[in-house]
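Single-structure report; data block below.
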Amino acid sequence: MLLECSLFEGHLYPLGNHLLELLASTKRFTAGDIENHVLAHARPRMQRAWVNCSVHERLALYHLARNHCLNPQNAAVIEQLLRKRLITLRPDPQLASEALRRFILGAETRQLFERWSQDAQTGIWQTLRVPLFVVLMLLVAWMAYSAGDVFKAASAVLAGTLGFLGQAVRAMSFVRGGSGGDDK
């Protein structure tokens with residue numbers, strides 16, 4: 001109960017006092033009852049905290065809510081969530097409360113979380129590879145135009161070297177016992 005009500009820097013302490021009174025009056029209070037009570041009263045604060053999180057932070061919270069581990073190299077997101085007191089280190093990052101877990105699992109649709117995951121996995125390489133390829137091709141075209149016969153000779157040597165290396169790898173594979181070609 002203390003864990004549930006310690007969320008949001010003491011704003012839920014009155015709720016914790018109310019829960020203590022309820023516990024003293026009735027002995028049939030389960031952990032689920034406490035989570036339900038906290039979630040019912042703290043939903044606006046949780047919603048405000050959720051809206052103030054970036055997509056990367058929301059995705060990290062969702063992974064924690066689904067009992068997945070966070071990438072430790074994503075230190076910036078973990079630090080932000082620690083500052084916002086939405087996660088704690090016990091010793092690994094965990095959500096600050098079970099009520100928060102239940103809130104997060106219902107905060108967005110599963111499809112939206114999956115789309116965010118796919119967007120996060122594409123990374124910078126997926127974004128930069130086409131422009132980088134275009135720049136590389138423009139550089140090669142400029143070199144071919146400006147260098148003339150020297151570029152033609154260098155590209156012929158490079159193509160021959162790559163062809164030779166391909167055949168050498170194929171021969172080594174054959175010597176080791178492979179077929180040296182495509183198995184059909």
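The values are calculated or read from the model by the stated rules, or taken from the named source; none is laboratory data. The model shown is predicted, which means the values in this text are computed figures rather than measured ones. When we count neighbours, we look across all protein chains shown, and the Cβ atoms used for this are built from the backbone with ideal geometry, even at glycine.
In summary, Ala96 fulfils each of the numbered conditions (1) among the small types (Gly, Ala, Ser); (2) outside the structural domain of Asn67 (by TED's automatic domain parsing); (3) touching a helix residue (DSSP H, G or I) at 6+ places or on another chain (Cβ under 9 Å) with the single exception of condition (2). Evaluating Arg66 against the criteria (1) closer than 23 Å to Asn52 by Cβ; (2) charged (D, E, K, R); (3) without any contact (Cβ under 8 Å) to a residue 12 or more places away in the chain leaves one unmet condition, (3). In this structure, Ala96 qualifies as surrounded by 10 or more Cβ atoms within 10 Å (Cβ to Cβ), hydrophobic (A, V, I, L, M, F, W, C), touching a Ser or Thr at 6+ places or on another chain (Cβ under 6 Å) and within 28 Å of Thr30 (Cα to Cα).
What about Arg102, is it part of a helix (DSSP H, G or I) and in contact with an Asp or Glu (Cβ under 8 Å, 6 or more places away or on another chain)? Please lay out each step first, then the result.
Values: part of a helix (DSSP H, G or I): yes; in contact with an Asp or Glu (Cβ under 8 Å, 6 or more places away or on another chain): yes.
Criteria met by Arg102.
Of everything listed in (1) without any contact (Cβ under 8 Å) to a residue 60 or more places away in the chain; (2) surrounded by 14 or more Cβ atoms within 10 Å (Cβ to Cβ); (3) of a type in the set (A, V, I, L, M), the single unmet condition for Ala76 is (2). Please tell me if Thr88 is part of a strand (DSSP E or B) and either assigned by TED's automatic domain parsing to the domain that holds Asn71 or modelled with pLDDT of 90 or more (or both). Judged against the criteria, Thr88 is a match.
Residue-by-condition table, conditions (1) under 30 Å from Ala40 (Cβ atoms); (2) in a helix (DSSP H, G or I); (3) modelled with pLDDT under 90; (4) in the same structural domain as Val38 (by TED's automatic domain parsing):
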site	(1), (2), (3), (4)
Arg115	yes, yes, yes, no
Arg129	no, yes, yes, no
Val134	no, yes, no, no
Ala144	no, yes, yes, no
Phe151	no, yes, yes, no
Ser155	no, yes, yes, no
Gln167	no, yes, no, no
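Comparison of Val77, Val55, Val51 shows that the only residue that is out of contact with any helix residue (DSSP H, G or I) (no Cβ under 8 Å at 6 or more places or on another chain) and β-branched (Val, Ile, Thr) is Val51. A search for C-beta distances below 9 Å between a residue of region 141-164 that is among the basic types (Lys, Arg) and any residue that is in a helix (DSSP H, G or I), counting only pairs 6+ apart in sequence or on different chains, returns Lys152/Ala144.
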